[in-house]
Amino acid sequence: MYKIAIVEDEWESAENLTSCFEKYTQEYGVDFNITHFKNGFNFLDEYTPDYDIVFMDVDMPQMNGLKTAKKLRLIDTSVVLVFVTFLAKYAINGYEVGALDYVLKPVNYNTFKIKIERAIGSCASKSREEAVLPTVGGAARIELYKLNYIEISDHEIIYHTSNGNLRAYGTMRAIEKLLPEKQFCKCNRCYLVNLRNVTRIEGNTVCVGGENLTVSRPRKQAFVDALHEYSLSYKSCGKKN
């Protein structure tokens, strides 16, 4: 199921777009969880970074779609964004906010089908590169290449990223279920390491993201094996997952 936000001040246009989603579900069996926002202010106030695709009307009163999208990118840099507009010229600045595409009003189903399939394809690609993880401030979308390792102390979770640390409360087991199994491995009971970012392992120490972590003796062989398997996978794909 894909979580969709429709940001549209005109109810008729929002209903038309919703009917396109419903028809696509009937035709292809793909489910959507759709939330409609009447303006950019409500959208930004209630936004959580677990949406897959945002359909954004360009011409909205008070705060138009481009201004709303610029503010959106401050809190979510990677959600798939599609502009909806009466005139294509109003969407030409979409590259400024990383918009994937635009669709013209009134939305035609055959055109919509092309756009949504492209958006779904982009979601599938991004889902392999990021994860939505719980934090004390709410869910956060984290690009995996920036996540070096995860630390747990009692029930406090610390995400060590290249952009700084984020905190959460919970269990390591729950966090592990949200991450690619072959890319993350424990080097000891306190640290879950992103194998992609390992630069060196020497003795009982692994260097990840410029930091040295201790590899416990009971876990060392399994950790080395996991790192070796991930490296082979990287070479066979020609890039890191």
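Label-to-label distance for Arg200 and Ala222 is 2.7 nm, based on points extended 7 Å past Cα in the beta-carbon direction. Considering the values (1) 1, 7, 15, 20, 22, 18, 12, 4, 0, 0; (2) 1, 6, 13, 15, 15, 12, 10, 9, 8, 5, 3, 1, 0, 0; (3) 1, 7, 13, 17, 17, 15, 12, 8, 5, 2, 1, 1, 0, 0, which represents P(r) over Cα pairs in 5 Å bins from 0, in percent as calculated for the structure under consideration? Answer label, from the structure shown: (2). The residue list Leu133, Tyr145, Phe83 was ranked by how far each Cα lies along the charge dipole of the chain toward its positive end, using unit charges on Cβ atoms, and Tyr145 comes out on top. State log₁₀ I(q)/I(0) for segment 33-109 at q = 0.19 Å⁻¹ as given by the Debye formula over alpha-carbon point scatterers of equal weight, solvent excluded. Computed log10 I(q)/I(0) values: -0.75. Classify segment 1-61 as rounded, prolate or oblate from the Cα gyration tensor: take a ≥ b ≥ c as the square roots of its eigenvalues, call it rounded if a/c is under 1.5, otherwise prolate when a/b beats b/c and oblate if not. Taking the square roots of the gyration eigenvalues as a ≥ b ≥ c, segment 1-61 is oblate.
With θ taken as phi - 60° and the Karplus curve 6.51 cos²θ - 1.76 cosθ + 1.60 applied, the whole-hertz 3J(HN,Hα) list for segment 78-88 is 10, 4, 6, 10, 10, 7, 10, 7, 6, 10, 4 Hz, x standing for glycine and proline. Once the Cα atoms are used to define both axes, helix 65-75 deviates from the longest principal axis of the chain by about 10 degrees. A 1.4 Å probe run over the chain, with the rest of the protein chains in place, finds 55 Å² accessible per residue.
In segment 40-146, which trypsin sites (Lys or Arg not before Pro) fall in coil by DSSP and have 14 or fewer other Cβ atoms within 10 Å? Numbers along the way, then the final one.
Values: sites: Lys67, Lys70, Lys71, Arg73, Lys89, Lys113, Lys115, Arg118, Lys126, Arg128, Arg141, Lys146; in loops: Arg128.
For trypsin sites (Lys or Arg not before Pro) across segment 40-146 that sit outside H, G, I, E and B with at most 14 neighbouring Cβ atoms in 10 Å, the list reads Arg128.
How large a share of the accessible area of segment 1-95, in percent, is made up of carbon and sulfur atoms when the probe is 1.4 Å and the other protein chains stay in place? Walk me through the numbers on the way to the answer.
Values: 2400 of 4920 Å².
Result for segment 1-95: 49 percent of the exposed heavy-atom area is carbon or sulfur.
Report the Stokes-Einstein translational diffusion coefficient (µm² s⁻¹, integer) for segment 1-141, Rh taken as the Kirkwood radius over Cα pairs, at 4 °C with viscosity 1.567 mPa s. Walk me through the intermediate numbers first.
Numbers: Rh = 15.2 Å.
Result for D is 85 µm²/s.
Under the simplified labelling scheme, the Glu15-Asn64 pair shows an inter-label distance of 2.7 nm, with each label point 7 Å from Cα along Cα→Cβ. Would you mind checking the tilt of helix 217-237 against the longest principal axis of the Cα atoms of the chain, expressed as 0 to 90 degrees and rounded to 10? With both axes taken from Cα atoms, the answer is about 50 degrees. Under 18 Å from a point placed 7 Å out from the Cα of Asp101 along the Cα-to-Cβ direction: which residues of segment 35-73 have their backbone N that close? Flagged as within label range: 52-58.
Distance between the pseudo-spin-label points of Thr171 and Thr214 (7 Å out from Cα toward the beta carbon): 2.5 nm. Phi angles across segment 16-26 convert, under the Karplus curve 6.51 cos²θ - 1.76 cosθ + 1.60 with θ = phi - 60°, into 3J(HN,Hα) values of 4, 5, 4, 5, 5, 4, 4, 5, 5, 4, 5 Hz, Gly and Pro given as x.
If you sort Tyr102, Tyr95 by accessible surface, 1.4 Å probe, largest first, the order is Tyr95, Tyr102.
In terms of accessible area, using a 1.4 Å probe and ignoring ligands and nucleic acids, His155, His36, His160 rank largest first as His155, His36, His160. Between Ile120, Ile53, Ile142, which gets the highest mean-square fluctuation from a Gaussian network model of the chain, Cα cutoff 10 Å? It is Ile120.
The values are calculated or read from the model by the stated rules, or taken from the named source; none is laboratory data. Note that the structure is predicted; figures quoted are calculated from it, not measured. Cβ atoms come from the backbone with ideal geometry, glycine included; neighbour counts cover every protein chain shown. Keep in mind that these areas ignore ligands, DNA and RNA; they rest on the heavy atoms of the full protein, side chains included. Shrake-Rupley method; radii C 1.70, N 1.55, O 1.52, S 1.80 Å.
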